[in-house]
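Following: one structure in C-alpha cells, then a few remarks.
The values are calculated or read from the model by the stated rules, or taken from the named source; none is laboratory data. These numbers were taken from a predicted model, which means no experiment stands behind them. Cβ placement follows ideal geometry from the backbone for every residue including glycine, while neighbour counts extend to all protein chains displayed.
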Amino acid sequence: MAMEPKAQKFIPVASPALIGNEKKYVLDCLKTNWISSIGKYVTLFERAFSKYIGVKHALTCSNGTVALHLALLALGIKNGDEVLCPTLTYIATANSILYVGAKPVFLDCQKDTWNIDPAKIEEKITKKTKAIIIVHLYGHSCDMEDILKIAKKHNLYVIEDSAEALGSKYLLAGRQGKGKMCGSFGDIATFSFFGNKVITSGEGGMVVTNNDELAKKVALLKNQGMDTNKRYWHPVLGYNYRLTNVQSAIGLAQLENIGKFILKRRRIAKMYSRYLKNIEGITLSLEKDYTFHSYWMYCILIEKEYGVDRDRLMSLLEKQGIQTRPFFYPIHTMPAYQALHHYGLDVSEEISRKGISLPTFYDLSEDQVKYIAHQLVRLKKDIIKDKQGAEYIVKSVDSGDEKKLVSFFEVIKKHNLNNFFHPHSFDKKTAKKIVDISESGKRDLYYLVLDNKENIAGYFMLRGFDEGYFVPSFAIVVHPDYMNRGIGKQITIMAIKICERLRVGKMMIKVYEDNIVAQKIYRSLHFTFSKSDKKNELVGRLNIR
Ligand SMILES: Cc1ncc(COP(=O)(O)O)c(C=O)c1O
C-alpha cells in the first residue's frame, strides 16, 4: 500500500507507556507508607527482573550510571587498570571507568551494527587491561561469541552495559538456536530505567550477575557499605545508590508489559524499514542474524547521497513536529577524555556524524511512521544533469522559495505555458498556498529544479488522490530558457523515482494530443496513453512496479 500520510501533532523521539499496574502499585506504596528504599516492590521487581533476564541475581539501584559504577567496584577495578569500552556510546559508560580511577581505552565500532568491532579489540589489550565494557547500542546485541572468546583468552572481565538492550537477545548455537538475553553473558551486566528506555521507573537501574560474590558486593556497596549483620558498621567505602519502593513499583508494572513493548517496537522498526527502504542516502538499522533486536531506538544514517546535511535535516524535521536525536559524539572527542591517547576510531567518528534516532515508542502509530517517512522523502535533495552535463538540484518547495515561485509564475503567464494542467491561477496567492501545502507535509509534493545559480529551471508536482487512492498526477513545466536541454525527461525520471520512494504503484499524467514532444518523452519512460473525457486531452498511466 502506498503512503497516505496525515498531518500530525508533535511526535517526540521517545515517550513512556504507563499502561499497566503502575498507578495501582504506586498507590499501594502510598497507602502502606512504604515509599523509601525498603519495601516489597523492590524485592518483587528484582525477582521478576532476574527471572526475565535468566540470571541468578538482580539488584536495583538509582540509575544505569551508578549500576556501571557498582559493577566496576564489585570487580575490583581500580587506579592503574585499563578498561576497554566503545567510544560510540553514552557518556556514562566511560565516566564509570574514571569514577574508579581506571583508564578507559576506546574501541572502534563496526560499520553496520555500530557496536564494537571484535576484530579491533586485541590490538588495544595491554598488561594493564582488566575488563571490557560492551554496549549493545540502541538495542542491537554485540557479537558475543567473538567477544567472549577474546575476553577468555586474555582473562578479562566482561561487563555488559545493557542500558539500551532490555529485551534484546543474542542467538546462540551456531547463531540459529534459541536466544539468550543481553545481560546474561558477561560476568556482570547493567540496565537503565530512565524515562526513554524500553521500561522505565522514572530514574532507575539494575545490576545483574550469576556470581554470588559479586552480587553480595553490589548489595553492600549500594547500601553505604553497611555490614548486613552489624548495623552502622561500614567495613568498606560504600554509596547510597538505592532505588525506592515507589520507583520499583513502577518498574515492576512496566516489566509486566515488556512482551507488548518489544513486540510493538519491532513492528515499528519493520514499518520504518519498509517505508524508508527506497530512499537513496538513508542507511537503515539492521538486525544481524545473531540478534533479536528490541529496537530501543530505530536509527538511520544520513549519507552524502541524501543531499541534506544530517543536522540540517534534524532541524527541518523538528519544524515538521518530528523530534529526532543525533548519535552520541565519540567519547574520545569530549574535553574530559581528549588528553588520553587514542587511535583507530575513524568508523565511530563517521557513524557519529551521520546517525539519527527516529521516534520509537509504544504509542507511535503507523500513520505517524508514514508521516515521518513522507517527510524524509520530501526533504531529500537530488541532482539531475542536462544533456551538456550541467547539474541541477531537485528540491521540494519551502518558504524560502516563495518569491522565486512568484517570478516563475510571471514567466509562465508571459509565455502562456499552462499546458501542464496547473489547476490554479499563477499568482502570489497560489505561490503562498503551494509553499504552505508543501511545508505542511501533506500528501501533495511540489518541487523546484534549480540551476547552479539557484534559478528555477523547472517546476513539477505530484498531486494525489485523483482516483480515490494514492495515484499522484504528475505535472511538469520547464522554464523557456532551459528548454531543449533534455531536462524534461530527467525531471520525469526523478518524479518516477520519488513515487518509488513513496511506494506508489501508479502514476498519472495528462497531455494535449498535439504535444507530441511531451508524449514521446513519457512513452519512452513506459507511460501508456488513452483518451480522456476531455477533448484534445490524453491520460497517461504508468505502473511503477
Ligand atoms: C549505554 C548507556 N549506558 C549507561 C546509561 C546510563 O543510564 P542512566 O541514564 O539511567 O544513568 C545509558 C543511559 O541512557 C546508556 O544509554
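So here's what we get for this one:
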{"quantity": "Candidates Ile97, Ile121, Ile91 - the one that is of a type outside the set (D, E, K, R), farther than 19 Å from Glu213 by Cβ and surrounded by fewer than 18 Cβ atoms within 10 Å (Cβ to Cβ)", "calculated": "Ile91"}
{"quantity": "Residue in segment 92-103 that is in the same structural domain as Lys222 (by TED's automatic domain parsing), assigned to a strand (DSSP E or B) and at pLDDT 95 or above present", "calculated": "yes"}
{"quantity": "Residue list for segment 111-130, restricted to those being part of a loop (DSSP other than H, G, I, E, B) and either hydroxyl-bearing (Ser, Thr, Tyr) or away from the ligand (no atom under 16 Å from the Cβ) (or both)", "calculated": "Lys111, Asp112, Thr113, Asp117, Ile121, Ile125, Thr126, Lys127, Lys128"}
{"quantity": "Segment 71-92 residues that are touching a residue at least 60 places away in the same chain (Cβ under 8 Å), paired with ones that are away from the ligand (no atom under 16 Å from the Cβ) and of a type in the set (Ser, Thr, Tyr) (beta carbon under 6 Å, 6 or more apart)", "calculated": "Leu75/Tyr157"}
{"quantity": "Condition check for Lys197: charged (D, E, K, R), touching a Ser or Thr at 6+ places or on another chain (Cβ under 9 Å) and either within 16 Å of the ligand (Cβ to nearest atom) or in contact (Cβ under 8 Å) with a residue 12 or more places away in the chain (or both)", "calculated": "no"}
{"quantity": "Of residues in segment 147-186 being in a helix (DSSP H, G or I) and at pLDDT 95 or above, the one nearest to the ligand (Cβ to nearest atom)", "calculated": "Ile147"}
{"quantity": "Criterion violated by His69 - all others in (1) of a type outside the set (Gly, Ala, Ser); (2) within 16 Å of the ligand (Cβ to nearest atom); (3) in a loop (DSSP other than H, G, I, E, B) satisfied", "calculated": "(3)"}
{"quantity": "Subset of segment 29-53 [buried (at least 18 other Cβ atoms within 10 Å of the Cβ) and assigned to a loop (DSSP other than H, G, I, E, B)]", "calculated": "Trp34, Ser37, Gly39"}
{"quantity": "Leading residue by the ranking (farthest from Ile132 (Cα to Cα)) among those in segment 201-217 that are within 16 Å of the ligand (Cβ to nearest atom) and touching a strand residue (DSSP E or B) at 6+ places or on another chain (Cβ under 9 Å)", "calculated": "Ser201"}
{"quantity": "Flag if Gly54 is under 31 Å from the mean Cα position of the chain (by Cα), away from the ligand (no atom under 16 Å from the Cβ) and at positive phi", "calculated": "yes"}
{"quantity": "Qualifying residue in segment 75-88 (condition: within 13 Å of the ligand (Cβ to nearest atom) and part of a helix (DSSP H, G or I))", "calculated": "no"}
